[in-house]
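Undergrad: Okay, here's the structure, questions in a sec.
The values are calculated or read from the model by the stated rules, or taken from the named source; none is laboratory data. As the structure is a prediction and not an experimental result, all values here were calculated from the model. Backbone-built Cβ (ideal geometry, glycine too); neighbour counts: all protein chains shown. For accessibility, only protein heavy atoms count, side chains too; no ligands or nucleic acids. Shrake-Rupley method; radii C 1.70, N 1.55, O 1.52, S 1.80 Å.
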Amino acid sequence: MTSTTEPEIRKGLAGVVADTTAISKVNPESNSLLYRGYPVQELAARCSFEEVAWLLWHGELPTPAELAGLQEAERAQRALAPQVRAVVDAIPTAAHPMDVLRTAVSLVGALDPTAADSSREAEVAASVRLLAQIPAIVAYDQRRRRGQDVVEPRDDLDLAANLLHMTFGEVPDDVVVDAFRVSLVLYAEHSFNASTFTARVVTSTLSDLYSAVVAAIGALKGPLHGGANEAVMHVFDQIGSADRAEEWLDRALGEKRKIMGFGHRVYKHGDSRVPTMKAALDRLVEHYGRQDLAELYDRLEAAMVARKSIRPNLDYPSGPAYHLMGFDTATFTPLFVAARVTGWTAHVMEQRAANSLIRPLSAYVGPEERHLP
Ligand code: ACO
């Protein structure tokens, strides 16, 4: 006897609990996000990005000696190998910086003789290597697109300040460095989002950490995920000024377009990270005297809430914040990678430690069995 019960299909795996994790907890009801138990707002207020990276990988904040060890290892690996520079140079500047980063990270993995070593010790070392190399790739690519010479890393600067130094050739004011550090902490981890789940799927086949990260970069690129911070800036550019926000929004919604930087699969009453990033954006607006940008931000948000009751996600304040810092718009999502690589690699190690091949079922809806004539 055949069963007539239809399998339950959860489109987009919405609401599916796929596994346990001890890395972060997203609670949409209390609107909170905890990294290893710590509220992300506290970490953003008081911790360096390197401390947060250690926390995500190891489960506890580092001791002073552990932090010094991490800083030493990360700072020692910031320079790009000549092969990596040559491959980046070979990619046309018409290619998106996410494509450049995906390619360069793949090469960093291929150049690592320990890439196939899946011991925890080797994977922590590979994670530190990526933590150091990704900012260097992002900075190198933005500078070559601007026709500027490479800026060598400075080992007296932390990761956030050094990334800014390698991109712009100088360390900006503290308020800018701090806003950037805050963005890295907020972007670092967010449970089973699409790119992190991608990294876990790849790891579940017993593939290597670099392959998982390359795949995750591909998943993050899309505008429904990390690509939204870039897309938000294009929206701001299209609208132009605050007084045109409502008119632009009505037209876009009339055309059934998704408004980038708004909405979230998990948070339905606002993204827990937005207030902290908005406060950092406000400090940048003050610093650069760009109240016009803040007005546009507020008008579009108010109109979107009034019309659709949909609130901003983290990409909404991050996009204009990166713009004010001076980054090219196409570089925004690579900056997200520089942060999220910490969460991805933490999940690779967690998946590896209690692995089960991730392989869901599908409900077939094609033709019934048939035969060649
Ligand atoms: N603009 C317009 N309408 C929206 C938006 C939006 N940004 N987000 C959701 N909606 C509407 C949908 O049209 C849908 O309406 P309907 O029921 O009338 O058809 C309803 O809200 C539910 O939307 P879904 O897309 O089904 O919700 P889902 O949970 O799948 O989407 C997502 C989440 C993909 C993030 C969506 O909100 C979106 O596309 N946002 C814009 C892209 C974006 O900002 N992504 C960044 C995510 S956060 C991050 O990566 C840091």
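Undergrad: Highest mean first, how do 56-66, 258-268 rank when packing is the count of other Cβ atoms within 10 Å averaged over residues?
TA: Details: 56-66: 14.6, 258-268: 19.3.
In decreasing order of mean packing, 56-66, 258-268 become 258-268, 56-66.
Undergrad: Let me ask something else about it. Could you give the dipole magnitude of the chain about its Cα centre, charging the beta-carbon of Lys and Arg +1 and that of Asp and Glu -1, in debye to the nearest 20?
TA: The calculated dipole for the chain is roughly 1000 debye.
Undergrad: Oh, and also: Which whole-number percent is the relative contact order of the range 50-178 (Cα, under 8 Å, 6+ apart)? Don't jump to the answer; show the numbers that get you there.
TA: On the way: 108 pairs, mean separation 30.1, N = 129.
Answer for the range 50-178 is 23 percent.
Undergrad: Separate question: Where in the chain are the DSSP H helices whose alpha-carbon span along the long axis reaches 24 Å or more and whose Kyte-Doolittle mean is at least -1.0?
TA: Working: long enough: 120-145 (37 Å, -0.14); 291-308 (25 Å, -0.39); 332-353 (32 Å, 0.31).
Taking the DSSP H segments of the chain (at least 24 Å long, mean hydropathy at least -1.0), we get 120-145, 291-308, 332-353.
Undergrad: At q = 0.11, 0.12 Å⁻¹, what is the log10 ratio I(q)/I(0) for the chain, with the Debye formula run over Cα points and no solvent?
TA: Taking Cα atoms of the chain as identical point scatterers yields -0.77, -0.92.
Undergrad: Shifting gears a bit: Determine by what factor the alpha-carbon radius of gyration of the range 25-107 differs from 2.2 N^0.38 Å, reporting the quotient.
TA: Values: Rg = 17.7 Å, N = 83, 2.2 N^0.38 = 11.8 Å.
In units of the globular-protein estimate, the range 25-107 measures up at 1.50.
Undergrad: Please pull out the direction-averaged projected area of the range 68-139, using the convex hull of its alpha-carbon atoms, in nm² to one decimal place. Don't jump to the answer; show the numbers that get you there.
TA: Values: hull surface 19.7 nm².
The number I arrive at for the range 68-139 is 4.9 nm².
Undergrad: Once the Cα gyration tensor of the range 223-351 is diagonalised, what are the square roots of 5 times its eigenvalues, in whole Å and ordered largest first, as equivalent ellipsoid semi-axes?
TA: Working: eigenvalues 119, 67, 35 Å².
That gives 24, 18, 13 Å for the three semi-axes.
Undergrad: Principal axis lengths of the range 101-178 from Cα atoms, whole Å, largest first?
TA: 41, 26, 17
Undergrad: Something else now. Could you state the number of Å between the C-alpha centres of the range 322-354 and the range 238-266?
TA: 26 Å
Undergrad: Follow-up. Counting each DSSP H run of 4 or more residues in the chain as -39500 (n - 2.57), what helix-only mean residue ellipticity at 222 nm follows after dividing by all residues, to the nearest 500 deg cm²/dmol? Let's see the in-between values first.
TA: Numbers: 16 runs with 215 residues, N = 373.
After summing the helix terms and dividing by residue count, I get -18500 deg cm²/dmol.
Undergrad: From largest accessible area down, sort ASP271, ASP19, ASP149; use a 1.4 Å probe on the protein chains. Display every interim value, and only then the final one.
TA: Details: ASP271 5, ASP19 75, ASP149 125 Å².
Largest accessible area first, the list is ASP149, ASP19, ASP271.
Undergrad: Counting pairs of alpha carbon atoms under 8 Å apart in space and at least six apart in sequence, what relative contact order in percent does the chain give? Don't skip to the end; give the middle numbers.
TA: Values: 489 pairs, mean separation 84.9, N = 373.
Across the chain, relative contact order equals 23 percent.
Undergrad: Counting only protein chains, not ligands or nucleic acids, how are SER309, SER207 ordered by accessible area (probe 1.4 Å), most first? Before the final figure, lay out the partial values.
TA: On the way: SER309 85, SER207 35 Å².
Reading off the accessible areas and sorting them downward yields SER309, SER207.
Undergrad: In the full protein assembly as shown, how much of THR198 is accessible to a 1.4 Å probe, in Å² to the nearest 10?
TA: For THR198, solvent-accessible area is about 40 Å².
Undergrad: Charges on Cβ only, +1 for Lys and Arg, -1 for Asp and Glu, centred on the Cα centroid of the chain; of GLY263, THR342, THR167, which one is farthest towards the dipole's positive end?
TA: The listed residue farthest towards the positive side: GLY263.
Undergrad: Still on this model: Within the chain, how many lysine pairs that are 8 or more places apart, or on different chains, have C-alpha atoms less than 25 Å apart?
TA: Step by step, the pairs that qualify in the chain add up to 21.
Undergrad: Let me ask you something else. Can you report the principal axis dimensions of the range 141-193 using only the alpha carbons, biggest first, rounded to whole angstrom?
TA: Result, largest extent first: 38, 24, 19 Å.
Undergrad: Also, quick follow-up: Once the dipole of the range 290-373 is set up with Lys and Arg at +1 and Asp and Glu at -1 on Cβ about the Cα centre, which of THR331, SER362, PRO312 lies farthest towards its positive end?
TA: SER362
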